[in-house]
Every structure is written in structure tokens, then in C-alpha cells.
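To start, the structure itself, in C-alpha cells.
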Amino acid sequence: MSKLEKVIIVIASLAALTAAFMIFKTARDYKAASDEYDSLRQYASEEVSTTDTAEKVSDIKPIELEEAEERKELKSNENREDFPEMEVDFKALREKNPDTVGWLYVGSCGISYPIVQGEDNDYYMNHTFEGTVNSSGAIIMDYRDDKYLKDWNTFIYGHNMKNGSMFGSLKKLLNDETLYDSDPYIYVYLPGYIYRYKIFSYYKDKPDSKMYWTADTLQEYRQYIRDALSLSVRDLGVETSEENNMVTLVTCSGSGAGKMRFFVHGEFIDRYKIK
């Protein structure tokens, strides 16, 4: 065997070992993150009692929002049956992580995770809710957005994990239209309230998409809504209103240099005050 052949064999062996290690590490990360988030769901279920959580933690009291002058008062809905049969123990979650700001639930895609908001958007890209280094990361509200959902547009990010966890299941909306047709809503739990948003647009766009920008004026917000509707992969038949703000879920789509971003926009419909 020549020296060159030996070198080639060594390089090939190292490459195979590296690939095997990366597969092992990915599987280990998936398992660890899955176990952690499965455990956290005990704090968001039908069995959770929230009667004593808000009162004992001063910064988790039910939200009293001051609406912008150009907005109508947020629409309330007293029908509990219009919202998921789930309660969230924010006191327990905040004890585990003070960066907890809410809980995201998208029934059509099987998404149910706590939402965190850090000092920037980088930390939780590779740290889980409990602060463990992991490629799955966490579900992140943009650090520049108001945690009480008062902005025109609140951005929430999550990784598109290959095993379908985090925002990996959002792409189901692209592949199965019946999911949206049967359940077109995004729910965001905040201490004291459940907010309901109706999805009115979803699409893929470039990594430097203009749809990352946040409107500062009513005129800009009107244009943003028009752009979101024009980009949508299908006409969802939702009558949008500039008087309602929105949440935008964002994740990656595809791989390599051509990786795109997947946007899902939901317009505020109403909110339920937890009794």
C-alpha cells in the first residue's frame, strides 16, 4: 500500500468518525431537549391550578394594558370553550427561569412550549429553557418586543428541528391544508390572560426578508399587512384589520446556503381573562 493510499484511508476514517460523532451528538441533543420540554409540560395542562400563582409573584400579576390611542380596547371573550383546555403555572416556570414571558400553543401543528425573552436573541438559540447548551434552543420572543404583546408585531422564533420539535412542525401548514382549515389559531398565554390570533398568512422568504422589520407607525403597519397577504402561499380568506396587532412565528426552512425563512402571521382576535 502506497503512502498516498494510507493517507486517504486515514482521512476517510477521520471523516467517518466525525460524521458518526455528529450523528450521535445530534441524537443526544434531541433526546435531552425532548425530555426537558416534555417535563415542562406538566406546568401547562388541564390539571394545573393557577389560583395562587399570580398573587404570590409581584411581576406575574394579571396584565392591565394601556392601549395606544389609535387602537380600540382589546376585545374580550368570556367563553372559555373558545380557548384550549389548558392552564399555565407561571409561578413554577418563573422559578425555573425568570426569563419566562408566556406559553405558545399552536394546536394544528402540535406546538406547546414556554416562551422566553433574553437580553438578546442569541443566547436561547443554543440554550434550552433551563439553560442547557443544546442545538434545539428555546422558543424566543424577540428581545426588542414588548412582553405584554403591545407592539404592532411581536416576533417569536424557534428552530426547525428535523425531529419535528420546537418549530419543526410549522412546515406541516405547507404540506397539509386541512390542518389550517380545522384549526387556524395561535394562542399565547400570558399571566392572567389567553390571547387568540388567527393565522392570515404563511410563506417562505429570503434570510434577509424585509418582513423582519417592525412597523413604527400605522401607515407602516398597513403596508406590512398588505405585504404579508401578498406573500402568502394561499388566500386564507381572513379579513384583516389595521386595528388589531399580530404575532409572527419565524423559523428556518431548508438547509445549506439556500436556507430560507418560514413566516406565519396571526392577527389578534380576542383574549380570555383567566378567572
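Below are the figures for this structure:
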item: The stretch 107-179, accessible surface, carbon-and-sulfur percent (1.4 angstrom probe); result: 45 percent
item: Pairs of lysine residues in the stretch 149-235 - Cα separation under 15 Å, sequence separation of 8 or more or cross-chain; result: 4
item: Gyration tensor over alpha-carbon atoms, the stretch 153-203, equivalent ellipsoid semi-axes in Å; result: 20, 16, 10
item: Rounded accessible area per residue of the stretch 207-275, 1.4 Å, Å²; result: 50 Å²
item: Calculated P(r) tail over 19 Å for the stretch 67-133, as whole % of Cα pairs; result: 53 percent
item: For the stretch 172-275, the Rg and Dmax computed from alpha carbons only, in angstrom; result: 14.5, 49
item: Separation of the GLU243 and ARG41 label points, Cα + 7 Å toward Cβ, nm; result: 3.8 nm
item: Per-bin percent of Cα-Cα distances, the stretch 114-184 [10 Å]; result: 20, 41, 31, 8
item: Cα-centred dipole magnitude for the stretch 150-275, charges only on beta-carbon of K, R (+1) and D, E (-1), debye, nearest 20; result: 480 debye
item: Added length on full extension, which subtracts the Cα-Cα distance from 0.36 nm per residue, THR217 to THR178; result: 10.5 nm
item: Solvent-accessible ranking of ARG144, ARG94, largest area first, probe 1.4 Å; result: ARG144, ARG94
item: Highest average packing first - 118-125, 267-274, Cβ atoms within 10 Å; result: 267-274, 118-125
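The values are calculated or read from the model by the stated rules, or taken from the named source; none is laboratory data. Owing to the predicted nature of the structure, the values given are computational and were not obtained by experimental measurement. All Cβ positions, even for glycine, are placed from backbone atoms using ideal geometry, and neighbour counts span all protein chains on display. Keep in mind that these areas ignore ligands, DNA and RNA; they rest on the heavy atoms of the full protein, side chains included. Shrake-Rupley method; radii C 1.70, N 1.55, O 1.52, S 1.80 Å.
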